[in-house]
Amino acid sequence: MNKVKKLPLKDIFFGIISFSASFLVLTLIFSVIVVLYKESSLAIHKFGIINFIFTEEWDPVKQVFGAAAPLFGTVVITILSLTLAVPVALGIAIFLSEVSPHILKTPVGIAIEMLAAIPSIIYGMWGLFTLAPIMSEYIEPAIQKTLGQIPLIGKLFEGTPQGIDLFTASVVLSIMIIPFIASISRDSLNLTPDLMKESAYALGATKWDVIKDVMIPYAKLGIYGGIVLALGRALGETMAVAFVLGNRHEITTSLFDAAATITVTLANEFTEADSDIYLSSLFYLALILFVLSFIILAVAKLFLLKVERGYSR
Amino acid sequence: MRYEEKYVKKRKIISFIALSLSTAAAFLGLFWLGFILFDVLRHGISGLSLELFTEDPAPPGIPGGGLRNAFVGQLEIVFFAVIIGVPIGILSGIFIAEYARGTKFARTVSILSDIMVSVPSIVVGTFIYAILVKPIGHINLGGVLAVGFLSAMLSLVFGSILNFFVTNILLKLIKLSSENAVRLLNLATTTTTILFGIFLFVYLLPKLVDKIQGFNGWAGAAALAFIMIPVVLRTTEDMLSLVPWSLREAAFALGASYYNVIKDIVIRAAMTGIFTGIILAISRVAGETAPLLFTSFNNSYFTTNMNEPISSLTVTIFVYATGPYEDWHAKAWAASFVITFFILFVTVVARYIIHLKYKG
């Protein structure tokens, strides 16, 4: 006779099934890298890594492919949209945690989160049919008349305002990522212990002093986490950008020019790739994007885990 | 005025300006939401009609027709995505929250799926394209995988029935004296199961593979399922860990097996949360376009056959909105209207349920 009671059969059975499910999830995640690497190996061997990243040419006819232009577009749009989104999102977070009257907190919070629920293709449609005309008629000429006159910065705003350009795409993207930063920052701000805030008030601090010197330093990690998470999201966003960017494989100095990002290139050209090396180069782009965003999202997760651990102590 | 008073006044003014700016930011956020929703409403409602849901598209450039194919295709793809994604998500969520609670394995899966929630969906599309759409030589890797999955599942069922028979009936009839004999018997059962699985795989492979070629609805459903799995997994894990441990202990004390505790206690307690998580995951994938572009592709004809390219609302919106015809634009807006308000409605309801259950 066994002294220790054996696990019941159904437990073994259910344990095995649920284990294989979670093992499948793990396998799937790793197989993304393996499969993308395998599919892009042709392009990796032909173009190399450094060479591929720094080649601007993208010519399906001559079968020469380089990732410089889409990478450049991706980086510019990501940075620009973060620059536009971070101040607004932090403002919203501060409003929701400190300024807003109590009854408004939940509805405004839900409304901001609804921004995140709108599918990205709707942002794209709206950007193409509504925002792009407004941009090309009013906002971009106005920017050219003011900022465009300054000698060095003026270079950024050259050319005919088309509305289909880096700037419009960044604006659309910034609206999309506002809710991610705002809701994580709000949650972190809300975690500040009341005792700390009250001590600061007791010393005669104004509300802004408390926010700036007590709450934001306390919530710093969470806010970083939110921003990096939004960065990861912005890198991989496809449809919101695909409508308003054109698909032009050139590195431009002007924000009012059409450009390409990795995602837009994939969306537009994947089904049209007619040669193995073309398809393989597109897979290579996807691999670069996956690795980039995986690293960035892992960093974001690291920040947020630190926050969790810090507060549970 | 004394210096201190001036200083206080300055700080108060700065505070006022900063707080006003933050209020303005909140209004800006609300303004964008209102602007987008109003625009979708304004353009979309004029395109809405009964024909939109009941008729198939007219030939390009000719006004009229509807988007029945896209609505049906979308429902079909999402339905199969749910069928594939939800069980895997829930099962693995249960495993890492219960059996593997606190282990390194559970943490790894949990963190990785958290990252996968935000991974670019278009990359998922390329991944699924590589395994389910692109044929490799004469055989289709996706077909091989599907057959492998199927035979693994079937042999699992076979193995458990065999195991049940051996342990509950055979061992009771003949009393085996030594423990080694029992072990040998177990080994025999396992080997039979594995052989059965291999036999099934070899037998089914030529029958099922090559039926699916090129873009197909299954690939679209698989891509959406891939996006759903981490979402469902994480919600399940979170909701299960909210169930107090003492509840489980009470059940253990009554002599219940862990399986029964999970089935009858934990899952019941966390049911609302898991259900809401599934709803949110559905609303998340319902608006996905990028992963469908090169998996289920597009089809301007009505079809319910998942082995063929199949039309979906979101891809149709993309094609119609970038197309040259006014009529197409109107249809794209109408479809956007339907999809946006469906998703927003579902999201708000789900959030309200969570609010009632966990905060109220």
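Against the conditions (1) out of contact with any helix residue (DSSP H, G or I) (no Cβ under 6 Å at 6 or more places or on another chain); (2) surrounded by 20 or more Cβ atoms within 10 Å (Cβ to Cβ); (3) not polar (S, T, N, Q), residue A:218 satisfies every one except (2). Flag not set for residue A:140, criterion: over 30 Å from residue B:320 (Cβ atoms) and more than 22 Å from the chain's Cα centre (by Cα). Listed conditions (1) away from every other protein chain (no Cβ under 12 Å); (2) at pLDDT 85 or above; (3) out of contact with any Leu (no Cβ under 8 Å at 6 or more places or on another chain); (4) over 22 Å from residue A:122 (Cβ atoms) are all met by residue B:310, apart from (4). Here residue A:23 fulfils each of the conditions (1) among the aromatic types (Phe, Trp, Tyr); (2) in contact with a Leu (Cβ under 9 Å, 6 or more places away or on another chain); (3) facing another protein chain (nearest Cβ under 10 Å) apart from (2). In this structure, residue A:245 does satisfy being buried (at least 24 other Cβ atoms within 10 Å of the Cβ), more than 11 Å from chain B (Cβ to nearest Cβ) and out of contact with any Gly (no Cβ under 6 Å at 6 or more places or on another chain).
Taken together, B:251, B:219, B:270 contain a single residue that is within 14 Å of chain A (Cβ to nearest Cβ), assigned to a helix (DSSP H, G or I) and crowded, with 22+ Cβ neighbours inside 10 Å, which is B:219. Taken across region A:138-155, residues that are among the hydrophobic types (A, V, I, L, M, F, W, C), out of contact with any Phe, Trp or Tyr (no Cβ under 8 Å at 6 or more places or on another chain), under 15 Å from residue A:258 (Cα atoms) and not in a helix (DSSP H, G or I) do not occur at all. Highlighted here are the helices (runs of 4 or more DSSP H) found entirely within region B:26-135 that include at least 2 residues which are under 30 Å from residue A:292 (Cα atoms) and away from chain A (no Cβ under 12 Å): B:68-94.
Residues are listed down the side, and each one gets a yes or a no for (1) in a helix (DSSP H, G or I); (2) at the interface with chain B (Cβ under 10 Å from one of its Cβ atoms); (3) touching a residue at least 12 places away in the same chain (Cβ under 8 Å):
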| position | (1), (2), (3) |
| --- | --- |
| A:15 | yes, yes, no |
| A:62 | no, no, no |
| A:89 | yes, yes, yes |
| A:95 | yes, yes, yes |
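Small (Gly, Ala, Ser) and touching a Pro at 6+ places or on another chain (Cβ under 6 Å): does that describe residue B:125? The answer is yes for residue B:125. Filter region A:124-135 for residues that are within 7 Å of chain B (Cβ to nearest Cβ) and under 24 Å from residue B:283 (Cα atoms) and give the result. Correct list: A:125, A:126, A:128. The one condition from (1) within 14 Å of chain B (Cβ to nearest Cβ); (2) in contact with a Gly (Cβ under 6 Å, 6 or more places away or on another chain) that residue A:32 does not meet is (2).
Return the residues of region A:99-123 that are over 30 Å from residue B:342 (Cβ atoms) and more than 8 Å from chain B (Cβ to nearest Cβ); say none if nothing qualifies.
Taking region A:99-123 first, the residues over 30 Å from residue B:342 (Cβ atoms) are A:99, A:101-102.
If the condition is that a residue be over 30 Å from residue B:342 (Cβ atoms) and more than 8 Å from chain B (Cβ to nearest Cβ), then A:101, A:102 are the ones that fit.
Look at region B:35-55: where a residue is free of Cβ contacts under 8 Å to residues at least 24 places away in the same chain and of a type in the set (D, E, K, R) and a partner is surrounded by 14 or more Cβ atoms within 10 Å (Cβ to Cβ) and in a helix (DSSP H, G or I), sitting 6+ places away or on another chain with Cβ atoms under 6 Å, you get B:39/A:126; B:39/A:130; B:55/B:68. Reported count of residues in region A:187-200, each being in a helix (DSSP H, G or I) and either among the hydrophobic types (A, V, I, L, M, F, W, C) or in contact with a Phe, Trp or Tyr (Cβ under 9 Å, 6 or more places away or on another chain) (or both), is 5.
The values are calculated or read from the model by the stated rules, or taken from the named source; none is laboratory data. Just so it is clear, the model here is predicted, and its values are computed rather than measured. So basically every Cβ, Gly included, is an ideal-geometry build from the backbone, and we count neighbours across all protein chains shown.
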